[in-house]
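Let me begin by presenting the structure, written as structure tokens, before commenting on it.
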Amino acid sequence: MQIAVVDLGVGNLRSVEQALNVVAPDARVLVSSDPQLIADSDKVVLPGQGAVGTWFNALSERTLEEAVRNAIETKPLLGICVGMQALFEYCEEDGGIDGLGLFQGSVRHFSNFHAPQTPALKIPQMGWNQVVQTRPHPLWHGIQDQSHFYFVHSFCANGPESESLDVVGETDYGHTFIAAIARDNVFAVQFHPEKSHNDGLALLKNFTEWNGQA
């Protein structure tokens, strides 16, 4: 089995690679910006960290959009952090950017949702938070509901009611937002499984064993 970690120059690429090597020692894990290698891989991880504008610029500059879109349509794919946000229709960061459009809804700054409070919640959210599993999914196998995962982000995804069946995990940080979302062969999370100790490793292991069916 070959797993491609898409290299857009942002995110904890080596941490993701190392975590996948731990949970799937017999797999070939490659961090790559080679479209052909990504196309030839059995599974794809779409990570990201930082600004979504930088992420999409790299996607274009490295001519990876076609390979990523093909992976979204044809093989098990895991989106992490900005790699999840990019799958929505729109993100308001960096002046507003159209996303890849797999999921309806938009990604907006936490300040749009937080009511004035004392003390105010810090932005970005940085640290551990609980994830409520809103429906079963193979990637939740062996992970208890309301387990803690590690988050680092200032923007969060919110979908319309029609998309509620795609949402598989929610978290509260001043308001409820999408922590995990899935459709067909795609599973994406706002948190960082590679930084989330045993439960994060369990999710990554589940991904390496997943056939892409819910």
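Per-structure values
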{"quantity": "Filter result (surrounded by fewer than 18 Cβ atoms within 10 Å (Cβ to Cβ), modelled with pLDDT of 90 or more and not charged (D, E, K, R)) within the stretch 89-103", "calculated": "Tyr90, Gly96, Gly101"}
{"quantity": "Matching strands (runs of 3 or more DSSP E) fully within the stretch 142-193 where at least 2 residues are among the charged types (D, E, K, R)", "calculated": "167-172"}
{"quantity": "Residues within the stretch 125-166 that are crowded, with 20+ Cβ neighbours inside 10 Å, under 28 Å from Asp94 (Cα atoms) and among the hydrophobic types (A, V, I, L, M, F, W, C), tallied", "calculated": "6"}
{"quantity": "Selected residue [under 23 Å from Ala214 (Cβ atoms) and small (Gly, Ala, Ser)] from Gly11, Gly83, Gly50, Gly95", "calculated": "Gly83"}
{"quantity": "Residue within the stretch 142-153 that is in contact with a strand residue (DSSP E or B) (Cβ under 8 Å, 6 or more places away or on another chain), among the polar types (S, T, N, Q), farther than 13 Å from Gln85 by Cβ and modelled with pLDDT of 95 or more present", "calculated": "yes"}
{"quantity": "Neighbours by Cβ (under 9 Å, 6+ apart or cross-chain): first from the stretch 31-58, without any contact (Cβ under 8 Å) to a residue 24 or more places away in the chain; second assigned to a strand (DSSP E or B)", "calculated": "Asp34/Ala4"}
{"quantity": "Residues located in the stretch 51-88, provided they are surrounded by fewer than 16 Cβ atoms within 10 Å (Cβ to Cβ) and part of a loop (DSSP other than H, G, I, E, B)", "calculated": "Thr63"}
{"quantity": "Residue among Ala27, Ala86, Ala51 that alone is of a type in the set (Gly, Ala, Ser) and touching a Phe, Trp or Tyr at 6+ places or on another chain (Cβ under 7 Å)", "calculated": "Ala86"}
{"quantity": "Filter result for the condition that a residue is within 19 Å of Leu201 (Cβ to Cβ) and in a strand (DSSP E or B), over Val5, Val16, Val22, Val107", "calculated": "Val5"}
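The values are calculated or read from the model by the stated rules, or taken from the named source; none is laboratory data. Just so it is clear, the structure is predicted and the values come from calculations on it, not from any experiment. Cβ coordinates were reconstructed from backbone atoms using ideal geometry, including for glycine residues, and neighbour counts include every protein chain displayed.
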